[in-house]
Amino acid sequence: MLISELKELRNNDLVKNVRFIESGCSPMVVEVEYGRESLQKELIKTEKNSVLSFKNIRQAYDLCREAGINQAELVQVIPHDEACFGQYMSYDQQTMPLRF
């Protein structure tokens, strides 16, 4: 999802949730949940279709403010040894609400 698409979804009141996802030492990414009847999730991407990453939370705040969004959830995924971990982590239960 491009930033321009995020703005359009926000203008049409289709954005249901925004998550700032941070995993270990990896850069932060922004996931957007949107739709009316069936919800979809997408990461914010650049024009070249690569995932947009952020060095700090301030950069993610600025992107969301530009799109007219003033709340999100911070998701911090603590990496474990993936070789031994047999299931996907359910990060939806480990979120912190943010308002900016």
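The values are calculated or read from the model by the stated rules, or taken from the named source; none is laboratory data. Just so you know, these numbers come straight off a predicted model, no measurement behind them. As a convention, Cβ positions derive from the backbone with ideal geometry for all residues, glycine included, and neighbour counts pool all protein chains shown.
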**Item:** Ser4 touching a Ser or Thr at 6+ places or on another chain (Cβ under 9 Å), farther than 19 Å from Pro97 by Cβ and surrounded by fewer than 17 Cβ atoms within 10 Å (Cβ to Cβ)
**Value:** no
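With the requirement that a residue be under 12 Å from the mean Cα position of the chain (by Cα) and not small (Gly, Ala, Ser), what does region 41-65 give you?
In the first step, residues of region 41-65 are kept if they are under 12 Å from the mean Cα position of the chain (by Cα); the result is 41-45, 51-54, 57, 60-61, 63-64.
Within region 41-65, Lys41, Glu42, Leu43, Ile44, Lys45, Val51, Leu52, Phe54, Ile57, Tyr61, Leu63, Cys64 meet the criteria.
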**Message:** Regarding region 32-39, can at least one residue be identified that is closer than 17 Å to Pro97 by Cα and modelled with pLDDT of 95 or more?
**Reply:** yes
**Message:** Restricting to region 32-57, count the residues that are exposed (fewer than 10 other Cβ atoms within 10 Å of the Cβ), within 16 Å of Ile3 (Cβ to Cβ) and either without any contact (Cβ under 8 Å) to a residue 40 or more places away in the chain or of a type in the set (Lys, Arg) (or both).
**Reply:** 3
**Asked** So is Ala60 modelled with pLDDT of 80 or more, touching a Cys at 6+ places or on another chain (Cβ under 8 Å) and either surrounded by 11 or more Cβ atoms within 10 Å (Cβ to Cβ) or assigned to a strand (DSSP E or B) (or both) or not?
**Response** no
**Within region 7-31, considering residues that are at pLDDT 95 or above and of a type in the set (Val, Ile, Thr), the one farthest from Met96 (Cα to Cα)** = Val15
**Fill in**
Flagged in region 7-31 as within 19 Å of Val75 (Cα to Cα), touching an Asp or Glu at 6+ places or on another chain (Cβ under 9 Å), without any contact (Cβ under 8 Å) to a residue 60 or more places away in the chain and surrounded by 15 or more Cβ atoms within 10 Å (Cβ to Cβ), in numbering order, are Val15, Asn17, Val18, Met28, Val29, Glu31
